[in-house]
Amino acid sequence: MTRQTIAEKILEAHRLDERDRVEPGDVVRARVDLVLLNDANGPVAFRHFANMGGGKVVNPDKVMMVCDHFAPAPSAAGARMLGDMRRFATSKGIEHFYDVGKGGIEHTLMPEVGLCGPGDLIAGGDSHTGTAGAFNAFGTGMSWSGMAAIMQIDETWFRVPESMRFTLRGKKAAHVTGKDVILQILQDIGVDGALYRSMEFAGPGLADINMDERMGICNMVVEAGAKTGIVEFDDITRAWAEATCKRPWTATVADADAQYHSRHDIDLARMRPMVAKPYSPENVVAVDDIRHVHVDQVYMGNCANGTMTDLRQIASVLKGRKVAKGTRAMIVPATQKIYREAMAEGLIDIFIEAGAAVSTPTCGACFGGHNGALDDGEVGFATINRNFKGRGGHAGAQVYLGNSYVAAATAVAGEIIDPALL
Amino acid sequence: MQFKGNVQKLGDSVDTDVMVPGRYLSLMNPADIAKHIFEEVDPGFVGRVKPGDVIVAGRNFGCGSGREQAPFGLKALGISCIVAASFSRTFYRMSIDLGLPILISPEVAEAASQGQAIEVDTVSGRVLLDGREFRAEPLPAFIQQIIDMGGVTDWVKQELARRAAAQPSGASA
């Protein structure tokens, strides 16, 4: 029997129940391929794990633990979270443990080290676990007690989502990136436009969107309320998987007659660089519609937009230019490997020459925890994924979201600007 | 399960960053988190909530960061149940796994007002607002089972016990 979406196929392939087929709305028991924990949710998950009986992690090889939120530790309280990670990893024999200086930001690191692949089912404690969809995997953020349950009994439950199909066509114009694709979709469908659903991305336009930019798209599906977002397997996925995946993988495409909640066409050629205004990621306008908004701080880099593609985009704008007086710029490569590649390509030198601060990988500024938090009344521009009140630091600060070209141009101009106007 | 209390009314797209600001994420004791719920946007909220109160919210409740401090903080504050027009699915999942009952009902979200008396039956989906009857979607059976156990922790314990009992004697796990 056919008629299935990518999400239905992946959940069906991982089901433990004795059923032939899964349908949207079904609650199924399933076995995941990987559990992804960070230092914000891990320590809580470890408490649940102890409450469930403690003991051994049933399958330690299926657990990846990354220190990124409170890394490097901003305070004694943060240091304790990181300490909890080290103790759990050591005592439970978790080999895939990435400490400060050894890894980076989890959602960029996981594919980099080959621990996710096409057809995988991945559960993470962080809401941006959907980033794995760039690699044709079903990644979803879920409960921290659920993470502990998987470590105890190697299974969990999922409600099978309905799916929305986004067909991409055409080629992007200059300064348009994957970030704009998802911002445009958020403008179209809103922050609950995909609630409980899977968003599937397909079509000939994907040929113009590399893996880094696909991460930028899937990272933000949760901002539309989606359970996951998955890019259909294509030649770009195959080339990536053959070069990178450490485990067997399964190319997953939807059936031609799959049943969707809705179908949407995206014409890349008509897209403009987009910006989300405070305080919602759905509050999106074209960059051309914003005039003379002074920016105190520009933050570039996060779990989706600290990639080599992003750093090259930033460097193409900053090269030979300076960050404006009265504006600060911070650039955070998402992983140690990306940091080194950027150094080897001379990008870090361009950033520092322009007057930007460059930091070791950390989620600090994105969640307003440390390493670049905003003060009352300050305005920030960031390549991150959400701009809720209080997210970037003080609740009286305001954050605008956009792609790496726009962020770099904004740093140079000191106000939000279309990079084409520099 | 049945709950009786008063309505704490909230709007659309209430995100977890406003429920529990990022700087409190290193607090792990639910009682400590409970003191800071909505601190920046509604500092009076914590003082208004009485044990047993039911949050009635609009669309997309709990959107944004997957932050278990939000549901466990609300539970520690005394919230017995949440009814909303719709939920962020991460928040929905976290609440169920923590044994915090959570029901979807756009009509209750529309009709309820702050401070009103409310009764909720999670099994039938019946909701009474000052005695007037409304319907919410009853929870799917498997989810009701987890809620009845007080969350996924006891479900795991039961599953571990079942597996241990199924082992032939003398075999090691």
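The values are calculated or read from the model by the stated rules, or taken from the named source; none is laboratory data. The structure presented is a predicted model; accordingly, all values stated were derived computationally and were not measured. Cβ sites come from the backbone with ideal geometry, for glycine too, and all protein chains shown count toward neighbours. All accessible areas refer to the heavy atoms of the entire protein, side chains included, with ligands and DNA or RNA removed. Shrake-Rupley method; radii C 1.70, N 1.55, O 1.52, S 1.80 Å.
What to note about this one:
- Buried area at the A:B interface is about 3900 square angstrom, summed over both chains, from accessible surfaces computed with a 1.4 angstrom probe.
- Global form of chain A, assessed from the alpha-carbon gyration tensor, a/c cut-off 1.5: oblate
- Note on residue B:149/residue A:207: beta-carbon distance plugged into 1/(1 + (r/R0)^6) with R0 of 41 Å gives a FRET efficiency of 0.25.
- Taking 0.36 nm per residue of sequence separation and removing the Cα-Cα distance, the residue A:169/residue A:234 pair yields an extension gain of 22.0 nm.
- If R0 is taken as 25 Å, the Cβ-Cβ distance between residue A:76 and residue A:375 corresponds to a FRET efficiency of 0.65.
- Aspartates and glutamates whose Cα lies under 17 Å from that of residue A:56, excluding same-chain neighbours fewer than 8 positions away: A:84, A:95, A:154, A:155, B:159
- Highest-fluctuation residue, A:382, A:344, A:329 considered, GNM on chain A with Cα pairs under 10 Å: A:344
- Between residue B:31 and residue B:124, the C-beta separation translates, for a Förster distance of 30 Å, into a calculated FRET efficiency of about 0.40.
- For segment A:39-149: rounded, prolate or oblate by the Cα gyration tensor [a/c cutoff 1.5]: oblate
- Shape category assigned to segment B:1-145 from the gyration tensor of Cα positions, a/c cut at 1.5: prolate
- Averaged over B:12-21, number of beta-carbon atoms from partner chains that fall within 10 Å: 5
- Per residue solvent-accessible surface (Å²) - the protein assembly as shown, probe of 1.4 Å: 35 Å²
- GNM top mover of B:105, B:95, B:13 - chain B, alpha-carbon springs below 10 Å: B:13
- Nitroxide proxy distance, nm - points 7 Å out along Cα→Cβ at residue A:286 and residue B:116: 4.4 nm
- Between residue B:162 and residue A:294, the modelled labels are 6.3 nm apart [label points 7 Å from Cα along Cα→Cβ].
- Size of charge dipole - segment A:298-422 - debye, nearest 20, with Cβ of Lys, Arg +1 and Asp, Glu -1, no other charges: 100 debye
- Helix B:152-166 axis, angle to chain B major axis (alpha carbon atoms, nearest 10°): 10 degrees
- When peptides A:111-122, A:255-266, B:50-61 are ranked by their average number of other Cβ atoms within 10 Å per residue, the highest-first order is A:111-122, B:50-61, A:255-266.
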